[in-house]
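The values are calculated or read from the model by the stated rules, or taken from the named source; none is laboratory data. All values reported here derive from a predicted model rather than from experimental measurement. Here the Cβ positions follow ideal geometry from the backbone for every residue, glycine too, while neighbour counts run over all protein chains shown. For accessibility, only protein heavy atoms count, side chains too; no ligands or nucleic acids. Shrake-Rupley method; radii C 1.70, N 1.55, O 1.52, S 1.80 Å.
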Amino acid sequence: MGLPLMMERSSNNNNNNVVELSRVAVSDTHGEDSPYFAGWKAYDENPYDESHNPSGVIQMGLAENQVSFDLLETYLEKKNPEGSMWGTKGAPGFRENALFQDYHGLKTFRQAMASFMEQIRGGKARFDPDRIVLTAGATAANELLTFILADPNDALLVPTPYYPGFDRDLRWRTGVKIVPIHCDSSNHFQITPEALESAYQTARDANIRVRGVLITNPSNPLGATVQKKVLEDLLDFCVRKNIHLVSDEIYSGSVFHASEFTSVAEIVENIDDVSVKERVHIVYSLSKDLGLPGFRVGTIYSYNDNVVRTARRMSSFTLVSSQTQHMLASMLSDEEFTEKYIRINRERLRRRYETIVEGLKKAGIECLKGNAGLFCWMNLGFLLEKKTKDGELQLWDVILKELKLNISPGSSCHCSEVGWFRVCFANMSENTLEIALKRIHEFMDRRRRKEKMIN
Amino acid sequence: MTRTEPNRSRSSNSDSDKNSGNGGGGRTTAMRVIVPLQGVVQGRGGLFLGSVIPCAFFYFLQFYLKRNRKNDESDNSGEQNSSASSSSSSPNSGLPDPTRSQSAGHLTELTGLPRSLSRILLSPRNSGGAVSVSGRVNCVLKGGDSSPYYVGQKRVEEDPYDELGNPDGVIQLGLSQNIKLSFDDWVLENAKEAISDGLSISGIASYEPSDGLLELKMAVAGFMSEATKNSVSFDPSQLVLTSGASSAIEILSFCLADSGNAFLVPTPCSPGYDRDVKWRTGVDIIHVPCRSADNFNMSMVVLDRAFYQAKKRGVRIRGIIISNPSNPMGSLLSRENLYALLDFARERNIHIISNEIFAGSVHGEEGEFVSMAEIVDTEENIDRERVHIVYDLSKDLSFPGLRSAAIYSFNESVLSASRKLTTLSPVSSPTQHLLISAISNPKNVQRLVKTNRQRLQSIYMELVKGLKELGIECTKSNGGFYCWADMRGLISSYSEKGEIELWNKLLNIGKINVIPGSCCHCIEPGWFRICFSNLSEKDVPVVMNRIRKVCQTCKSQN
């Protein structure tokens, strides 16, 4: 040290030399400037509160499940946190747990997850705990799978409308593109073989290599399950093109009637051909079904050994806290509790859904026929002055500013038809939902009166 | 190349064409090809076309050859590797040859077992029916299975040492697990409250900012200040929390460098960087070797040379990653070191990532820990924007399972991008709440940290003493959990092969898992990293006996 540095000085070396960041850091692929997130800001600034701020913004853009939280709380409190959490060992048990940092994940927790996932599917598919890779949330699981299945500049085919977060999760750091599979209301937004073929061809024409199809089942934002026939067609398509099939099933526990949900796991269950099975991967998380998003528990389930091994090693970047695993392992293995929870959760969500759809119908607003999830897909096309994306955003703005309701415009979900909006109903109390419906009624009444006056 | 003369006039062009056109009968066919070509290149833009066409042809040829060569290269890389390493070893193992490679670290990555996870080697091949995966998979799986790092880890898992239950088992000296620090006392005194408060789930289950609760950030900032003996006051709003130091380093790699760029990393370094910096980012590491003759201290001359050589090869360096206290040596960087580094970074306009995860585990009496934050405290804004610090709460509290690390930066753009990226690697909320209640009592925290340090120091001294008696010297470690041991006297040949042989003996005969220097990219064979945080005082003699056994085996063979 103290030796003079070599002569090579960079040409623009002066006091104004600001150090640069990467393209990833400065890009806006994170998508946080879209209306999807802008509405959240409005909510943060003026959040609705029953007593303190009754005229505030009601958050209907966040797909969170609070309807069954009391069941969890009661269970955990009854079992006595100290005792159950760390077993009879107490503090030393905690210590052991705090020291555990294996990327395989706690075996008890993986077994609990496998059993929970089986229960949700009514035992129609089996899950092997050794194929479960834990990640800190489904967001991380989707990104991790993308890193593993595709190289930069490749593409994944994703049916529209889709969850706005995919733009970030699948593309930002991975360098992978999303090519949309266009779906429309003519057939309730189901995926057709023609749409699949067309999307694939679009990618090929642009010289982009397609590595897989990623679907959400039940769908976000549609709030509807994917039909069994469609799943079979999808798998066929993927086999023919020799690509992967990723099924994001994070809302699988939120299907109102268990019989209406077919998991891709069921389709694969009876297939022996490894070359077919090993292209199928499932993503799951506890954030939606259990209403524990803050816990950040996600998982990749893959029928492909290489994918499992790689995902496990890469999960080092996004491990689930050992404390969290331990906390939830005993709860999820308690089959009596989980059976009860799943059943009651489904029932409550169904009732909420019916409340909001009925309420909207009375106001003259139709929704897509849904059977799952924490939201409904509402059609406000008839209210648009201009049947364009701008027109839709204008309406969204009016709803946010005038009605103080934050809902998600279909364009942020890349819907090819304008006028659709996603409205969440499970992240609030029943009273709040009533208030929201009331505001909508009043808005629609005002509009009708205005129209009458004009006419 | 063509014989164009750019200053020819038009009339002379046509003259020469006519002449060439009327060339001898036997060469007519060839002339018919050459003449039009000549005509083309002697026409407008003659010199340009005359250079471009052959160049283009040349490059296409190279490209074609390279593509075919690439496929062969990757298959043969194994053989290339071993031949490279044997050529650098001296069969009589006389004077050690301190350099294994000429260019700074470039060849080092290739020598020895194919364990470093460098660039994607192949584009995925679609062999018939099997569906292909990304190139990354090959890197991850190929590098993993044979690496001593993973092999040793597996052996420990299969046959773990236990004083009573399995006294012949493998002792884990590879990484920090099962830390025997003063945690138990603290837990018994404070845990009950902390645990039950932290475990109530109401109010903590919903979405929270992914980069961490403000309360926890404040507590972490306090911890970091403690580690610097309060010479720096860390601002919680400049912290981004994430699920582990690996994630923190990966996030910084994504933010500070583009795919194809590189970071300079002085070696020996943490084996984890190959994964954290390179696996998913496409960013490369250029190793800057440090030598035992310099006590493994960084030389600015070598650093500079590495930068210059990378530049010549067309590789853009975006930053330098240092660790302080260093892994594996445990040395503390002096103020002069740090100022020199800052100068270097400023001159080159690059970033500095200062990995200070062991800042709270300084156990030596000599030297002081100086955080990079202290160095830039008085500097201009622009310099501060190039400094980013990684901290790991788990290391100080011995809670590795709880996954809670931090990025501290003065650069608002980096903070903004990092915050968004933590959605992909957030800290679990019950864990955040647990940590908040655990560390919000400063007195207890101070006591915990102090006791930890004392224990680390006493184990370290016992271990070093024992090794010395066996003729094994260690570099002076002032912080962290590792001993950097010189076992050159025990290896059969002064080469990586010899080092791996010794590692094998230590694992299979000695039943201890240590990390060979090659995993840390040390260019001098024979050094080993020994982690002592897992040991209690009575374990030290057991370890010594095991090593003694191996020493005896080595001596009888040599």
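Buried accessible area for the B:A pair, summed, 1.4 Å probe, in Å² rounded to 100?
Values: alone 27550 and 22410 Å², together 41730 Å².
Heavy-atom accessible area buried at this interface is about 8200 Å².
Keeping all protein chains in place and using 1.4 angstrom, which order do B:379, A:260 fall into by accessible surface area, from largest down?
A:260, B:379
Just to confirm my numbers, what's the Cα centroid distance between region A:123-141 and region B:229-250 in Å?
31 Å
Quick one: which residues, 5+ away or cross-chain, put their amide H under 5 Å from the amide H of residue A:248? H built at 1.01 Å from N.
Counting only residues 5 or more places away or on other chains, the set is A:215, A:216, A:217, A:283.
Report D for region A:216-304 in µm² per second (integer): Stokes-Einstein, Kirkwood Rh on Cα pairs, 4 °C, 1.567 mPa s.
Details: Rh = 13.6 Å.
Rounded to a whole number, D works out at 95 µm²/s.
Apply the Kirkwood formula to region B:233-356: the hydrodynamic radius equals the inverse of the mean of 1/r over all pairs of different alpha-carbon atoms; give it in Å with one decimal. Can you show the working numbers first?
Values: mean 1/r = 0.0667 Å⁻¹.
Its Kirkwood hydrodynamic radius stands at 15.0 Å.
Give me the accessible area of residue A:382, 1.4 Å probe, in Å² rounded to the nearest 10.
For residue A:382, solvent-accessible area is about 110 Å².
For region B:351-423, what is the accessible area per residue in Å² when the probe is 1.4 Å? Numbers along the way, then the final one.
Working: 1780 Å² over 73 residues.
I get 24 Å² per residue for this part.
List for region A:266-299: residues with 30 Å² or greater reduction in accessible area, all protein chains versus chain alone, probe 1.4 Å?
Those residues are A:278, A:293, A:294, A:295, A:296.
With the alpha-carbon atoms as the only input, what is the per residue convex hull volume for region B:394-436 in Å³? Walk me through the numbers on the way to the answer.
On the way: hull volume 3.7 nm³, N = 43.
Spread over its residues, the Cα hull of region B:394-436 gives 85 Å³ apiece.
Which cross-chain or sequence-distant (5 or more) residues have an amide H under 5 Å from the amide H of residue A:177, H modelled 1.01 Å from N in plane?
Counting only residues 5 or more places away or on other chains, the set is A:153, A:154, A:155, A:156.
Put simply, what bits of region A:313-340 lose 30 Å² or more of accessible area when the other protein chains are there, versus the chain on its own (1.4 Å probe)?
Buried by the other chains: A:313, A:314, A:316, A:317, A:319, A:321, A:323, A:327.
In terms of the Cα gyration tensor, with a ≥ b ≥ c the square roots of its eigenvalues, is region A:19-76 rounded because a/c is under 1.5, prolate because a/b exceeds b/c, or oblate?
Details: a/c = 3.27, a/b = 1.69, b/c = 1.94.
Oblate, because a/c is 1.5 or more while a/b does not exceed b/c.
For residue B:150 and residue A:45, what is the calculated FRET efficiency with R₀ set at 51 Å and r taken between the beta-carbons, to the nearest 0.05?
It comes to 0.55.
Rounded, prolate or oblate: which fits region A:118-202 when a ≥ b ≥ c are the square roots of the eigenvalues of the alpha-carbon gyration tensor, with rounded for a/c under 1.5 and prolate only if a/b beats b/c? Kindly include the intermediate steps, with their values, before the conclusion.
Working: a/c = 2.09, a/b = 1.21, b/c = 1.73.
Since a/c reaches 1.5 but b/c is at least a/b, the shape of region A:118-202 is classed as oblate.
Can you give the accessible area per residue of chain A, in Å², using a 1.4 Å probe?
With the other protein chains kept in place, chain A gives 40 Å² per residue.
If R₀ is 41 angstrom, what is the calculated FRET efficiency for the pair residue B:336 and residue A:384, using the beta carbon separation as r and rounding to 0.05?
Details: r = 68 Å, r/R0 = 1.66.
For R0 = 41 Å, the calculated efficiency reads 0.05.
What FRET efficiency comes out for the pair residue B:545/residue B:299, r = Cβ-Cβ distance, R0 = 30 Å, nearest 0.05?
Values: r = 39 Å, r/R0 = 1.28.
Efficiency, rounded to the nearest 0.05: 0.20.
Calculate for chain A the 222 nm mean residue ellipticity that helices alone would give, adding -39,500 (n - 2.57) per DSSP H run of length 4 or more and normalising by residue count, nearest 500 deg cm²/dmol.
Mean residue ellipticity at 222 nm (helix-derived): -13500 deg cm²/dmol.
Do you know which residues of region B:393-438 lose at least 40 square angstrom of accessible area in the protein assembly compared with their chain on its own, with a 1.4 angstrom probe?
Output list: B:400, B:401, B:402, B:403, B:420, B:421, B:423, B:424, B:426, B:428, B:430.
Distance in nm between label sites at residue A:74 and residue A:153, each 7 Å beyond Cα in the beta-carbon direction?
For the pair residue A:74/residue A:153, the computed spacing is 5.8 nm.
Report, please, the projected area of region A:326-455 averaged over directions, based on the convex hull of its C-alpha atoms, in nm².
Numbers: hull surface 40.3 nm².
Seen from a random direction, the Cα hull of region A:326-455 projects 10.1 nm² on average.
Could you check how much of the accessible area of chain A is carbon and sulfur, as a whole percent, using a 1.4 Å probe?
Of the solvent-accessible surface of chain A, carbon and sulfur hold 49 percent.
Of the listed pairs A:401/A:450; A:241/A:387; B:278/B:395; A:78/B:217; A:340/B:217, which have alpha-carbon separations greater than 30 Å here?
A:241/A:387; A:78/B:217; A:340/B:217
For peptide B:242-249, what's the mean number of Cβ atoms from other chains within 10 Å of each residue's Cβ?
4
If you take the C-alpha gyration tensor of chain A, multiply each eigenvalue by 5 and take the square root, what semi-axes do you get, largest first, in whole Å?
Sorted largest first and rounded, they come to 35, 31, 26 Å.
Express the accessible area of region B:472-516 per residue in Å², computed with a 1.4 Å probe while the remaining protein chains stay in the model.
26 Å²
D for region B:472-511, whole µm²/s, Stokes-Einstein with Kirkwood Rh over alpha-carbon pairs at 25 °C and 0.890 mPa s: what number?
218 µm²/s
What percent do you get for the relative contact order of chain A when only Cα pairs under 8 Å and 6+ apart count? Before the final figure, lay out the partial values.
Numbers: 777 pairs, mean separation 103.6, N = 455.
It comes to 23 percent, rounded to a whole number.
Ignoring ligands, DNA and RNA, what percent of the 1.4 Å accessible area of region B:439-554 is carbon and sulfur?
Ligands and nucleic acids excluded, carbon and sulfur reach 52 percent.
I need the helices of chain A that pass two filters: whole DSSP H segments spanning 27 Å or more by Cα along the axis, and mean Kyte-Doolittle score no lower than 1.0. Show your work: numbers first, answer last.
Details: long enough: A:335-362 (40 Å, -1.41); A:430-454 (36 Å, -1.18).
None clear 27 Å together with a mean of 1.0.
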